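K.L.:
Pasting a structure here, questions to come.
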Amino acid sequence: MLEQYRIQIDYKTRERQILNALLALVTGCLTLIYPNFLYLITGGYLVSLGLLFIVFRLSPTLSAIPIVTGVLIFIFPELIPVTFAAFLGLFGFILLFGFQFSIVGAITLIIALLIVANPDSVAYFVATFLLIYAVSNLIRFYQDWKGQSTQ
C-alpha cells in the first residue's frame, strides 16, 4: 500500500516573495519619478534587499552582495552604472542557474549589458529591471496562491 505525504513549508518564501516584489515595485516607481536621486534610491533598495535576505535567513553571501553594492553606491555615486551593472550581472547569473528564473535572468543580463553600453540612461534601465522583477514576482506569487487554493 502506497501512502503519499506532502509537507508544504513555503510560508516564509511566499512572504519573502511578496515583500521583495513590493520593495522592487516601489523602488522602480520612485526611480522613474525621481531619476536625479538614483544613487539614494538604488543604494537604499540594495541595502533593504540585503536586510530582507538576512531577515529571511538566506545565504550570508547572497545577503552580503546587495548590501556591499548599496554601500558602494552610497560612497561612490558616480560609479552607479558600473556597480549596478555588476550587481545585475551577478544577480542575472544567480537567477539563471540558482532559482530557475530563466527569462528574468536573461532579461537581467541584457539590462546589465545595456547599462554598460549606455551609462547615461542608467536610471531608466534600473527602473525597467525593478519593474520587470516586481511584476514577475507578483505573477509567480499569484500563480502559487491560485494553485494552492485549488488543492
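The values are calculated or read from the model by the stated rules, or taken from the named source; none is laboratory data. Values in this document were obtained by computation on a predicted structure and should not be read as measured data. Note that we place each Cβ from the backbone using ideal geometry, even for glycine, and neighbour counts take in every protein chain shown. We work out accessible area using only protein heavy atoms, side chains counted, and drop any ligands, DNA or RNA first. Shrake-Rupley method; radii C 1.70, N 1.55, O 1.52, S 1.80 Å.
K.L.:
Which residue, of Leu38, Leu22, is of a type in the set (A, V, I, L, M, F, W, C), in a helix (DSSP H, G or I), exposed (fewer than 15 other Cβ atoms within 10 Å of the Cβ) and modelled with pLDDT of 85 or more?
P.N.:
Sole residue among the options that is of a type in the set (A, V, I, L, M, F, W, C), in a helix (DSSP H, G or I), exposed (fewer than 15 other Cβ atoms within 10 Å of the Cβ) and modelled with pLDDT of 85 or more: Leu22.
K.L.:
Taking Phe56, is it modelled with pLDDT under 85, within 23 Å of Leu22 (Cβ to Cβ) and surrounded by 15 or more Cβ atoms within 10 Å (Cβ to Cβ)?
P.N.:
So Phe56 fits the description; yes.
K.L.:
I'd like the residue in segment 67-82 that is under 15 Å from the mean Cα position of the chain (by Cα) and open to solvent by less than 40 Å² (accessible area, probe 1.4 Å) and, out of all such residues, is modelled with the highest pLDDT.
P.N.:
Checked segment 67-82; the qualifying residue modelled with the highest pLDDT is Gly70.
K.L.:
Quick one: in segment 83-100, of everything that is on the phi < 0 side of the Ramachandran plot and outside any helix (DSSP H, G or I), which residue is most open to solvent (accessible area, probe 1.4 Å)?
P.N.:
Phe99
K.L.:
Consider segment 101-136. How many of its residues are open to solvent by less than 10 Å² (accessible area, probe 1.4 Å) and not in a helix (DSSP H, G or I)?
P.N.:
0
K.L.:
Just to be sure before I move on: is Ala64 open to solvent by less than 80 Å² (accessible area, probe 1.4 Å) and either under 18 Å from Tyr133 (Cα atoms) or among the polar types (S, T, N, Q) (or both) in the structure I sent?
P.N.:
Answer is no for this residue.
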